[in-house]
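The values are calculated or read from the model by the stated rules, or taken from the named source; none is laboratory data. Source: prediction; values computed, not measured. Please note: Cβ atoms are built from the backbone with ideal geometry, for glycine as well, and neighbour counts cover all protein chains shown. With ligands, DNA and RNA removed, areas are computed over all heavy atoms of the protein, side chains included. Shrake-Rupley method; radii C 1.70, N 1.55, O 1.52, S 1.80 Å.
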Amino acid sequence: MKIEEIIEKVNEILVEEFEVDAEVIEANKNLKQTLDLDSLDYVDLVVIIESNFGVKLVEADFVGMVTFQDFYSIIQRKIVLKNA
């Protein structure tokens, strides 16, 4: 799966499931500050991402994650490892 496809799908999920305004989603923006989700929302986000992309996200994946681009890259890396 190409990074562009991942970005499109993740952004679609954020808009539809979490009612995030599409215009605020930018690759270099701080994910946590922009989304302003609570801890339960993050659990929901992880579950939705796992079910849509078929990858398992763990707490360690989020260490050092700051931007939307970081989040997209984590998902892409997980997909690559799954398909290796």
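Looking at this model, which pairs from Lys29/Lys82; Lys2/Lys82; Lys2/Lys78; Lys2/Lys32 are more than 18 angstrom apart at the alpha-carbon?
Values: Lys29/Lys82 27 Å; Lys2/Lys82 14 Å; Lys2/Lys78 12 Å; Lys2/Lys32 24 Å.
Beyond 18 Å between Cα atoms: Lys29/Lys82; Lys2/Lys32.
Rounded, prolate or oblate: pick one for segment 43-84, where a ≥ b ≥ c are the square roots of the eigenvalues of its C-alpha gyration tensor, a/c under 1.5 means rounded, and failing that, prolate if a/b is larger than b/c, else oblate.
Numbers: a/c = 1.67, a/b = 1.16, b/c = 1.44.
Oblate.
Would you compute, from DSSP H runs of 4+ residues alone, the mean residue ellipticity of the chain at 222 nm, taking -39500 (n - 2.57) per run and dividing by the full residue count, rounded to the nearest 500?
Theoretical 222 nm ellipticity from helices: -19500 deg cm²/dmol.
Of all trypsin sites (Lys or Arg not before Pro) in the chain, which ones are in loop regions per DSSP and have a Cβ with at most 16 other Cβ atoms within 10 Å?
On the way: sites: Lys2, Lys9, Lys29, Lys32, Lys56, Arg77, Lys78, Lys82; in loops: Lys2, Lys29, Lys56.
Sparse-neighbourhood loop trypsin sites (Lys or Arg not before Pro): Lys2, Lys29, Lys56.
Return the single residue from Val63, Val20, Val43 with maximal mean-square fluctuation; model: Gaussian network over the chain, springs between Cα atoms under 10 Å.
Looking only at Val63, Val20, Val43, the largest GNM fluctuation is found for Val63.
In debye, nearest 20, what is the charge dipole magnitude of the chain about its Cα centre with +1 on Lys and Arg Cβ and -1 on Asp and Glu Cβ, if you could check? Present the calculation step by step, with values, prior to reporting the outcome.
Numbers: 8 positive and 18 negative charges, 128 e Å.
With Lys and Arg at +1 and Asp and Glu at -1, about 620 debye.
For segment 3-83, with the dipole built from +1 on Lys and Arg beta-carbon atoms and -1 on Asp and Glu ones, taken about the Cα centre, which of Asn11, Leu81, Leu37 lies farthest toward the positive end?
Among Asn11, Leu81, Leu37, the one farthest towards the positive end of the dipole of segment 3-83 is Leu81.
If you count only protein heavy atoms with a 1.4 Å probe, what accessible area per residue comes out for the chain, rounded to a whole Å²? Before the final figure, lay out each step's value.
Details: 5310 Å² over 84 residues.
That works out to 63 Å² per residue.
Would you please classify the overall shape of segment 3-83 from the alpha carbon gyration tensor, given that a ≥ b ≥ c denote the square roots of the eigenvalues, rounded means a/c under 1.5, and beyond that prolate means a/b larger than b/c while oblate covers the rest?
Values: a/c = 1.38, a/b = 1.31, b/c = 1.05.
Since a/c stays below 1.5, the shape of segment 3-83 is classed as rounded.
Tell me, what % of the accessible area of segment 3-83 is carbon and sulfur with a 1.4 angstrom probe?
Details: 2460 of 4940 Å².
The nonpolar share, carbon plus sulfur, comes to 50 percent.
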